[in-house]
2 protein chains.
Amino acid sequence: MIVFQLALLIVWKLSVIESGIDKLQILKQSLELHKDKLHLTEQQLLVLHHLDSDKHYEGPTIYCITPTYSRYVQKAELTRISQTLKLVPNVHWIVIEDAMEKTDLVRNLISESKLITTHLVAQTAPFEKLKDSNPRIKRHRGVEQRNAALKWLRENLVLGRDKGVVYFMDDDNTYSIKLFDEIAKVRKVGVWPVGLVGGLNAEAPIVDAKTGKVTGYKSGWLPNRPFAIDMAGFAINLDLVLEKVEATFSYEMAKGMQESEFLSFFTTKDQLEPLADRCTKVYVWHTRTEKPKITGNITGLEV
Amino acid sequence: MIVFQLALLIVWKLSVIESGIDKLQILKQSLELHKDKLHLTEQQLLVLHHLDSDKHYEGPTIYCITPTYSRYVQKAELTRISQTLKLVPNVHWIVIEDAMEKTDLVRNLISESKLITTHLVAQTAPFEKLKDSNPRIKRHRGVEQRNAALKWLRENLVLGRDKGVVYFMDDDNTYSIKLFDEIAKVRKVGVWPVGLVGGLNAEAPIVDAKTGKVTGYKSGWLPNRPFAIDMAGFAINLDLVLEKVEATFSYEMAKGMQESEFLSFFTTKDQLEPLADRCTKVYVWHTRTEKPKITGNITGLEV
């Protein structure tokens with residue numbers, strides 16, 4: 001009987017010092033190690049568990065797919081995005097280089113980020129690159145890279161076992177960490193506004209006040225697309241991505257139709273889940289970084 | 001019997017750990033308990049929280065001075081910078097709006113960042129704004145704003161009591177969190193390379209391999225300035241800022257000479273402390289965000 005009282009005392013004391021969380025973890029482990037000897041009740045064990053539960057994140061893994069290519073601002077952009085992801089729990093960052101081989105710059109940056117990552121390469125077909133040396137101007141960007149990531153997901157994750165949400169996260173946008181709380185809510189396909197895109201201050205789904213459903217889109221550019229939604233404006237449940245194996249990106253799509261055609265594999269307009277406070281908040285911006293004017297190089301310096 | 005001894009041992013260990021918890025923790029709890037009676041402000045509670053979470057951090061407070069002005073990408077830029085600073089211990093972020101009055105956008109963003117902040121306003125003199133409506137093009141940017149921050153430091157901090165380093169952190173650059181480890185090392189004036197500035201891949205102090213001292217500067221633009229160093233490429237110990245009260249920025253300085261003239265108040269070239277691995281690493285990039293082409297607005301949406 002005294003053991004039971006002692007155990008209760010311990011649990012109570014644990015609550016008292018709950019704020020010393022790092023130490024709590026060690027205590028919890030040692031108590032669990034001896035729980036049989038101490039005859040802790042189920043309830044006591046539950047209390048013990050909950051004391052520590054704040055540290056445990058219950059949401060799905062967010063698979064962030066980031067195509068990237070070599071250019072002056074690449075390291076700056078990837079640094080920025082990796083630091084944003086450090087503030088988000090349970091992210092798996094998939095970075096796909098448009099290159100023949102993985103580069104040291106990306107390899108080191110990913111490794112130093114201490115994030116869970118997958119590093120892939122997929123080179124854009126040469127015929128898709130215009131004669132202009134700026135690869136931004138080619139007709140479709142990121143096609144091979146996003147497809148490589150989709151392939152990786154389908155080959156390495158298992159429907160029913162792995163839970164997650166898939167988000168295409170280009171390296172030049174700006175992301176508020178609030179966005180990832182929204183992404184974690186996605187059951188099938190979630191949508192939200194994207195700032196500074198399509199000629200307006202934002203591109204946003206129109207949500208019916210009564211039904212809470214998406215009825216159309218506000219966009220300064222082709223608002224009548226089936227889904228007038230930027231790549232940064234939606235996320236898809238991993239289950240759907242694993243089920244619809246035929247859903248990929250392609251060069252055959254008309255200009256600006258990548259998102260619409262891809263989303264059509266998974267959902268219809270009235271099934272969309274409007275997030276970010278019914279699409280009234282902007283948590284991601286389609287910022288573009290100026291190409292710097294550089295006429296010379298300091299050698300031996302990775303920039 | 002052994003169970004009883006084990007339990008006793010655990011209770012004893014709990015008490016040891018409990019008493020070992022930083023006194024700050026107890027202080028924090030009792031203050032939070034009485035916060036209503038004490039009328040603690042949100043900012044005071046935040047400081048309390050940071051004192052507690054940074055209790056293992058021994059470095060100085062880094063005072064980051066960020067001038068900002070209203071434009072389409074402002075919220076995106078400030079979101080990005082605030083999220084970077086969340087990863088840095090012991091930062092005090094001073095944000096100065098170029099505006100008549102504090103705006104809700106900046107006020108809310110700062111408050112939601114949960115950083116220790118000071119929010120100021122200082123309006124740029126109208127004669128300094130060119131007829132061109134783009135305020136980027138005016139002759140000197142950030143003069144009044146940086147001076148307002150210096151004034152705040154000198155009025156609110158006390159030489160000898162407050163320890164820190166002062167860094168001018170514009171809202172459009174890209175910052176690796178590694179930079180702040182370097183800034184924390186500054187004893188008088190620390191310098192390091194800045195990526196993508198002055199027409200080269202980077203602007204960098206030249207460090208003599210034998211003496212470890214700065215002997216000159218690599219820059220694509222006026223390398224013979226007394227200090228050919230971008231605003232993002234140096235930090236100054238708070239002691240010096242509090243001592244040299246005459247050091248301010250001014251419209252009288254020649255184009256591109258703000259940094260040189262300001263640094264001349266505090267140091268000479270041979271006293272500079274070359275950081276970032278003897279100025280061989282780039283931890284900050286002078287990125288510029290493209291001005292988005294926006295022809296219409298969705299109303300009621302803060303972007």
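Descriptive notes on the structure:
- Hits in the stretch A:276-292 (condition: crowded, with 22+ Cβ neighbours inside 10 Å and in contact with a Lys or Arg (Cβ under 6 Å, 6 or more places away or on another chain)): A:TYR283
- Residue check for A:VAL197: within 14 Å of chain B (Cβ to nearest Cβ), modelled with pLDDT under 95 and either more than 12 Å from the chain's Cα centre (by Cα) or under 20 Å from A:GLU259 (Cβ atoms) (or both): yes
- Count of the stretch A:217-231 residues which are assigned to a strand (DSSP E or B) and either surrounded by fewer than 22 Cβ atoms within 10 Å (Cβ to Cβ) or within 8 Å of another protein chain (Cβ to nearest Cβ) (or both): 1
- You will find that of B:PHE265, B:PHE249, the residue that is open to solvent by 20 Å² or more (accessible area, probe 1.4 Å) and over 30 Å from A:LEU78 (Cα atoms) is B:PHE265 and no other.
- Within the option set A:VAL214, A:VAL241, being more than 13 Å from chain B (Cβ to nearest Cβ), farther than 29 Å from A:ALA76 by Cα, under 18 Å from the mean Cα position of the chain (by Cα) and open to solvent by less than 20 Å² (accessible area, probe 1.4 Å) holds for one residue only, A:VAL241.
- Residues of the stretch A:140-177 that are within 14 Å of another protein chain (Cβ to nearest Cβ) and either among the small types (Gly, Ala, Ser) or surrounded by fewer than 16 Cβ atoms within 10 Å (Cβ to Cβ) (or both): A:SER176 alone.
- Strands (runs of 3 or more DSSP E) wholly inside the stretch B:162-208 containing at least 2 residues that are in contact with a Lys or Arg (Cβ under 9 Å, 6 or more places away or on another chain): B:164-168, B:202-207
The values are calculated or read from the model by the stated rules, or taken from the named source; none is laboratory data. Nothing here was measured: the structure is a model prediction, and the numbers come from that model. Positions of Cβ are generated from backbone atoms using ideal geometry, with glycine treated the same way; all protein chains shown enter the neighbour counts. Side chains are part of the model used for accessible areas, which takes the heavy atoms of the whole protein and leaves out ligands, DNA and RNA. Shrake-Rupley method; radii C 1.70, N 1.55, O 1.52, S 1.80 Å.
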